[in-house]
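Chemist: Before we start, here is the structure in question, set down as structure tokens.
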Amino acid sequence: MKLETLLSSTRNWAPDRNTTDGVVVGSIVRMVRNLPGYPFPGWSTGESRAAVAEKLLPVLRNMQGFKTAFCAEMNKLSYGQRRALLTRKQLTPCMAARQDGCYIIIPQRRPFILMVNEEEHLVIHSFRNGLNFEDCIQDIEQLEDKLQEELTFAYMPQHGFLTSIPSEAGDGLQLYCLLHLPALTTANMMNQVTKALEKLHVSISPYFSDAQDDTGHLFVLFSIPGPEDSIDEMMDAFHDVVNHIVRRERQVRRKLLADPGLHLQDAIARAYGLLLNCRRLSIKELRDAISLLRLGTLMGLLIWEEEEREILIALNQFGLSQACEAALAEEISDPHLCLRRAAAAREFLSKHPHHFSDNTI
């Protein structure tokens, strides 16, 4: 698969409303494994990375569903291409900085991203829409079983699977959850949430790696890796944290909706007006506006002729495609990009019939 095909693919986070009101966008399980007898990537040389890749790549490429996958060495990707993959969350910031001997593999029809010589020799991300860690873990364990038929991973009975950070040795699994929190962000409550999570040893950070703020009101919640055989306990605890944040976001949404000052309705209408009338549009403005339109749709303030799930997917995909274009154009500093983005926003609204509602939930 070519990079252009990958970036034009519509497969990405599809909104899942199941009992979460669109708060939980997606779930990710990260698994790391290392080969015995080779230095970790942080201490490696070009020769040792090449040796690790030579051992891993043939096995990975021959897996079912991976033969036609996109596969590239990092030094073959331009700065803009890496930024585009980062925007789609198909590349980690650590991997984006890698060069020779480091590879990324992304199948088109399987929910995996594989990285060779990232922080560890092999990193696998399994992802699903909504709050769905069980399926992520099942997918990744099935893939690991297949890999272990041909590969041996570094393991010690008293420590579990070995990692470059000794405290993270164990099952090598970490949980991530992508959350859409426009109400908590609008109400300036994210600092409270962050401090409360620190006490639970859970971290939260902005979704977009190129923005040190709450652009798009999207955040990634992630657990701290635990000892071997602790995944069930870690998953139960992480579920509790996610569900608490979901309940808090819902509460604040209802409170904002009932505000007689109509601040929420005004914010959504202003975002709509921006997309409908703008002539220049930055990527940050686009992300924030789409976030508020998603919120207005979920709360019944913005009514579309299409089914709710379909329009949410369309909004998500439109924002993603524009973000990828912005990342790819970074190298040439396209002066007309903000003009084209504004025109694309106006065209999107004209193609999807809709109207505002005065109803409240």
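The values are calculated or read from the model by the stated rules, or taken from the named source; none is laboratory data. Just so you know, these numbers come straight off a predicted model, no measurement behind them. So basically every Cβ, Gly included, is an ideal-geometry build from the backbone, and we count neighbours across all protein chains shown. SASA here: full protein model, heavy atoms, side chains in, ligands and nucleic acids out. Shrake-Rupley method; radii C 1.70, N 1.55, O 1.52, S 1.80 Å.
Chemist: Being of a type in the set (Gly, Ala, Ser) and under 25 Å from the mean Cα position of the chain (by Cα) is the filter; apply it to the range 226-274 and report the residue that is farthest from residue 172 (Cα to Cα).
Modeler: Per the criteria, the residue is 271.
Chemist: How about the range 322-361: which of its residues are part of a helix (DSSP H, G or I), surrounded by 14 or more Cβ atoms within 10 Å (Cβ to Cβ) and modelled with pLDDT under 85?
Modeler: 323, 324, 325, 326, 327, 328, 329, 330
Chemist: Can you say whether residue 98 is part of a loop (DSSP other than H, G, I, E, B) and surrounded by fewer than 18 Cβ atoms within 10 Å (Cβ to Cβ), as far as the supplied structure shows?
Modeler: Criteria not met by residue 98.
Chemist: For the range 36-47, does any single residue satisfy the condition of being open to solvent by less than 20 Å² (accessible area, probe 1.4 Å), among the polar types (S, T, N, Q), in a loop (DSSP other than H, G, I, E, B) and at pLDDT 90 or above? Outline the logic, then answer.
Modeler: Going residue by residue through the range 36-47, those that are open to solvent by less than 20 Å² (accessible area, probe 1.4 Å) are 41.
Then drop every residue that is not among the polar types (S, T, N, Q), which leaves none.
Checked against the condition, which is being open to solvent by less than 20 Å² (accessible area, probe 1.4 Å), among the polar types (S, T, N, Q), in a loop (DSSP other than H, G, I, E, B) and at pLDDT 90 or above, the range 36-47 yields no hits at all.
Chemist: If you don't mind, another one. So residue 297 passes all but one of these: (1) under 26 Å from residue 130 (Cβ atoms); (2) at pLDDT below 90. Which condition number does it fail?
Modeler: If we test residue 297 against (1) under 26 Å from residue 130 (Cβ atoms); (2) at pLDDT below 90, just (2) comes out false.
Chemist: Being surrounded by 19 or more Cβ atoms within 10 Å (Cβ to Cβ) and either closer than 12 Å to residue 323 by Cβ or over 19 Å from the mean Cα position of the chain (by Cα) (or both) is the filter here, so list the residues in the range 275-288 that pass it. Give the steps one after another, and end with the answer.
Modeler: Step one: list which residues in the range 275-288 are surrounded by 19 or more Cβ atoms within 10 Å (Cβ to Cβ), which gives 275, 278, 281, 283, 285-288.
Result: 275, 278, 281, 283, 285, 286, 287.
Chemist: So residue 304 ticks every box in (1) in contact with a helix residue (DSSP H, G or I) (Cβ under 9 Å, 6 or more places away or on another chain); (2) surrounded by fewer than 19 Cβ atoms within 10 Å (Cβ to Cβ); (3) within 20 Å of residue 184 (Cβ to Cβ) but one. Which box is left unticked?
Modeler: Every listed condition holds for residue 304 apart from (3).
Chemist: Among the residues of the range 174-188, which ones are in contact with a helix residue (DSSP H, G or I) (Cβ under 7 Å, 6 or more places away or on another chain) and open to solvent by less than 50 Å² (accessible area, probe 1.4 Å)? Break it down into steps so the answer makes sense when it comes.
Modeler: Start the filter on the range 174-188 by keeping residues that are in contact with a helix residue (DSSP H, G or I) (Cβ under 7 Å, 6 or more places away or on another chain), which leaves 175, 177, 179-187.
Matches in the range 174-188: 175, 177, 179, 180, 181, 182, 183, 184, 185, 187.
Chemist: Quick one: would you say residue 312 is buried (at least 20 other Cβ atoms within 10 Å of the Cβ) and modelled with pLDDT under 90?
Modeler: When the stated conditions are applied, residue 312 passes them.
Chemist: Among the residues of the range 114-154 satisfying the criterion of being among the aromatic types (Phe, Trp, Tyr) and touching a helix residue (DSSP H, G or I) at 6+ places or on another chain (Cβ under 7 Å), which is nearest to residue 240 (Cα to Cα)?
Modeler: 133
Chemist: Tell me, which residue of the range 106-144 that is open to solvent by less than 10 Å² (accessible area, probe 1.4 Å) and in a helix (DSSP H, G or I) is nearest to residue 218 (Cα to Cα)?
Modeler: 133
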